[in-house]
């Protein structure tokens, strides 16, 4: 596994919240592949062995293996085994996430939560529950948080849910039972550190990869490992799989307008919803750890909206960096 890079501010924030607790539920979202899961796992690894902490992590997307679906102590695994006794079929992560209250009750019965610092994290919740199920689920997570502090007598509690699904952000943000925070792709320095571990063929390719991915670590791995640094092949496949349908739907003038200024998408609610649903554009929010994403039109970042990766914008307008590779044989 590649060495964990950067995220010092986000990690410090989560560690602080785990120690002192947080209310209401913390809803973290960001671009697909920006490193939410890796951040959560590093955070939980930091506190899992600490005295007085009880940690439960659920990967809601895991379909088959309970050991991959859950991170925690042996007692947590035993509670999961009891919860799943007699369960047959796929969707293990979804089944556990949907039964989170029963799981916590079983953990409390086995190890006791009174006086403990309890951290519960459910990863990628919107993808498995669907947008329409997120609001109810978040309300249930708030109820669980309150029960941890009252019925179970936890000293502190932190309940986290994450998603890369943009439409759920507005649904959750309009309620008081969750606090929405955003994480973005890696900074340029952190991205370069990750690039070095993957041995790019040239400095130019590394620089263009930064520009096209906007620092997205999953895209970097895809380019380096899946495409062996062949940016032209990666861009052509990205166009066919993600961008062609968008280009057919949007008029040329609109494409140029929102490429030059992502905030212009607010003028076209139907287009905004379409691009957010496609996970191409997302609304910005206060960053986890404080502050805000700095607007940068060259990188496709506005004050209120941002392209999840610069490659999407580049492919739509035939930008110079994309054009440099896309016409290669």
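The values are calculated or read from the model by the stated rules, or taken from the named source; none is laboratory data. Predicted, not measured: the structure shown is a model, and the values here were computed from it. Virtual Cβ from ideal backbone geometry, glycine too; neighbours counted across all protein chains shown.
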> Take the residues of the range 55-75 that are within 12 Å of residue 37 (Cβ to Cβ) and touching a residue at least 60 places away in the same chain (Cβ under 8 Å): which is surrounded by the fewest Cβ atoms within 10 Å (Cβ to Cβ)?
Replying inline: 61
> So which residues in the range 236-253 are in contact with a helix residue (DSSP H, G or I) (Cβ under 8 Å, 6 or more places away or on another chain), under 24 Å from residue 283 (Cα atoms) and either exposed (fewer than 12 other Cβ atoms within 10 Å of the Cβ) or modelled with pLDDT of 90 or more (or both)?
Replying inline: 238, 239, 242, 243
> How many of the residues making up the range 78-119 are modelled with pLDDT of 80 or more and not in a helix (DSSP H, G or I)?
Replying inline: 9
>> So, in the range 40-57, how many residues would count as being touching a helix residue (DSSP H, G or I) at 6+ places or on another chain (Cβ under 6 Å) and closer than 13 Å to residue 163 by Cα?
In response: 0
> Among the numbered criteria (1) at pLDDT 80 or above; (2) in a helix (DSSP H, G or I); (3) touching a helix residue (DSSP H, G or I) at 6+ places or on another chain (Cβ under 9 Å), which single criterion is violated by residue 151?
Replying inline: (2)
>> Being closer than 15 Å to residue 310 by Cα and out of contact with any helix residue (DSSP H, G or I) (no Cβ under 8 Å at 6 or more places or on another chain) is the filter here; which residues of the range 211-235 pass it?
In response: 216, 218
> Which residues, counting only those in the range 286-318, are without any contact (Cβ under 8 Å) to a residue 60 or more places away in the chain and either in a loop (DSSP other than H, G, I, E, B) or farther than 20 Å from residue 169 by Cα (or both)?
Replying inline: 291, 292, 294, 295, 296, 297, 298, 302, 303, 304, 313, 318
> Which ones in the range 225-235 are surrounded by fewer than 16 Cβ atoms within 10 Å (Cβ to Cβ) and assigned to a helix (DSSP H, G or I)?
Replying inline: 225, 226, 232
>> Being surrounded by 17 or more Cβ atoms within 10 Å (Cβ to Cβ) and assigned to a helix (DSSP H, G or I) is the filter here; which residues of the range 206-217 pass it?
In response: 206, 208, 209, 210, 211, 212, 213, 217
>> Every residue in the range 169-190 that is over 19 Å from residue 319 (Cβ atoms), assigned to a helix (DSSP H, G or I) and touching a helix residue (DSSP H, G or I) at 6+ places or on another chain (Cβ under 7 Å), please.
In response: 171, 172
>> Quick check on residue 107: is it crowded, with 23+ Cβ neighbours inside 10 Å, without any contact (Cβ under 8 Å) to a residue 40 or more places away in the chain and in contact with a helix residue (DSSP H, G or I) (Cβ under 8 Å, 6 or more places away or on another chain)?
In response: no
> Can you tell me which of 128, 122 is outside any helix (DSSP H, G or I), buried (at least 17 other Cβ atoms within 10 Å of the Cβ) and touching a residue at least 12 places away in the same chain (Cβ under 8 Å)?
Replying inline: 122
>> As an exercise: evaluate residue 273 against (1) closer than 18 Å to residue 248 by Cα; (2) surrounded by fewer than 16 Cβ atoms within 10 Å (Cβ to Cβ); (3) within 15 Å of the chain's Cα centre (by Cα) and give the number of the one condition it does not meet.
In response: (3)
> Being without any contact (Cβ under 8 Å) to a residue 12 or more places away in the chain, over 20 Å from residue 34 (Cβ atoms) and in a helix (DSSP H, G or I), is that true of even one residue in the range 272-279?
Replying inline: no
